Amino acid sequence: MALLRSIAISSNKTITLARSARSLTTATLPPLPYSYDALEPVISGEIMMLHHQKHHQTYVTNYNSALELLHTAMDKGDVSAVVGLQSAVKFNGGGHINHSIFWKNLRPVNAGGGEPPHKKLGWQIDTDFGSFNALISKMNAEGAALQGSGWVWLAFDKELKRLKVETTANQDPLVTKGATLVPLLGIDVWEHAYYLQYKNVKLEYLKNIWKIINWEYAGEVYEKEAQ
């Protein structure tokens, strides 16, 4: 994350990038906290298996490769190579970060998935968006309108002390939209997240995914960061 933050905020500062990169270790694919078919019928077991084992694993593999090349370039003092590797580190590292959050944002219905947020997060949603349903409508609209591939996020702005809805393109992590933004909930709107089941009807996928959102996790992150 430190390296991605340096790339997002100070992409022209190679020294900052290099210092951050030296402290990083390779990434590993996290296990899912539920079985591949546990989110059915909202998301099929086939989609979840491919999404986790193929797509997320590819981001991890490519990130680790890019990181190894980056370390080698730094050892050689090859500034051009260091700069040239930034996009690969950002894309694949972002893919790993985003998906690691996404898996935690989902929960089977029989384990409490889809239960609306309560306590402090629920109150903050009402304050900043008017109602829980208004937030869902806003995120669905922005996710559906996102051109190409990307993510739609519910974020907490630590500086402004309020919730925001943001979108990011491709695998850009939320930090690219602001250093003070903390991801509470991210919804993957790449086609690989839904196409096998929903075809080209992205909005239907967005409407259904709220049935399996893990609001307990989002609430825990919010309460920690809002202190």
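The values are calculated or read from the model by the stated rules, or taken from the named source; none is laboratory data. Because the structure is predicted, anything quoted here is derived from the model rather than measured. No Cβ is skipped: glycine too gets one built from the backbone with ideal geometry, and neighbour counts run over all protein chains shown. Keep in mind that these areas ignore ligands, DNA and RNA; they rest on the heavy atoms of the full protein, side chains included. Shrake-Rupley method; radii C 1.70, N 1.55, O 1.52, S 1.80 Å.
What does the charge count around TRP190 come to, taking other residues whose C-beta lies under 13 Å from its C-beta (Lys +1, Arg +1, Asp -1, Glu -1)? Could you put the intermediate results ahead of the total?
Working: positive: LYS54, LYS202; negative: ASP172, ASP188, GLU191.
That sum, taken over residues with Cβ under 13 Å, equals -1.
First compute the accessible area of segment 87-227 with a 1.4 Å probe, then give the percent of it belonging to carbon and sulfur atoms. Working shown, then result.
Details: 3120 of 6250 Å².
That share works out to 50 percent.
What Kirkwood hydrodynamic radius do you get for segment 96-227 when you take the inverse of the mean 1/r over all pairs of distinct Cα atoms, in Å?
Details: mean 1/r = 0.0676 Å⁻¹.
Hydrodynamic radius (Kirkwood, Cα pairs) of segment 96-227 is 14.8 Å.
Using 19 Å as the Cα-Cα cut-off, could you pick out the over-long pairs in LYS120/LYS164; LYS104/LYS211; LYS138/LYS202; LYS120/LYS177; LYS164/LYS202; LYS119/LYS224?
Long pairs (Cα-Cα over 19 Å): LYS120/LYS177; LYS164/LYS202.
Could you derive backbone 3J(HN,Hα) for segment 180-193 from the dihedral phi with the Karplus parameters 6.51, -1.76 and 1.60 (θ = phi - 60°), listing whole Hz in sequence and x where the residue is Gly or Pro?
9, 8, 10, x, 9, 8, x, 10, 6, 10, 5, 4, 5, 7
With n ≥ 4 as the cut-off for DSSP H runs, can you work out [θ] at 222 nm for the chain, using -39500 (n - 2.57) per run divided by the number of residues, rounded to the nearest 500? Please report the intermediate quantities before stating the final value.
Values: 11 runs with 115 residues, N = 227.
Mean residue ellipticity at 222 nm (helix-derived): -15000 deg cm²/dmol.
According to the Cα gyration tensor, what semi-axes, each the square root of 5 times an eigenvalue, does the equivalent ellipsoid of the chain have, listed from largest to smallest in whole Å? Mind showing how you got there, number by number?
Numbers: eigenvalues 191, 89, 45 Å².
Each semi-axis is √(5λ); the values are 31, 21, 15 Å.
Assigning unit charges at the beta carbon (Lys, Arg +1; Asp, Glu -1) and nothing else, what dipole magnitude in debye, to the nearest 20, does segment 79-227 show about its Cα centre?
40
Taking the Cα centre of segment 44-169 as the origin and placing charges on Cβ (Lys, Arg +1; Asp, Glu -1), which of ALA66, GLY143, ALA111 is farthest toward the positive end of the dipole?
Towards the positive end, the residue furthest out is ALA111.
Taking a probe of 1.4 Å, how large is the accessible area per residue of the chain, in Å²? Display every interim value, and only then the final one.
On the way: 10970 Å² over 227 residues.
Per residue, the chain has 48 Å² of solvent-accessible surface.
Could the peptides 124-135, 100-111 be put in order, highest first, of the mean number of other beta-carbon atoms found within 10 Å of their residues?
100-111, 124-135
Could you sort the peptides 152-161, 49-58 by per-residue average Cβ neighbour count (10 Å cutoff), highest mean leading? Working shown, then result.
Values: 152-161: 18.2, 49-58: 16.1.
The peptides rank, most packed first, as 152-161, 49-58.
Place the peptides 36-47, 177-188 in order of packing, highest mean first, counting for every residue the other Cβ atoms within 10 Å and averaging per peptide.
Taking the mean over residues of other Cβ atoms within 10 Å, the ranking is 177-188, 36-47.
What is the distance in Å between the Cα centres of segment 84-141 and segment 187-227?
Using only Cα atoms to place each centre, the spacing works out to 6 Å.
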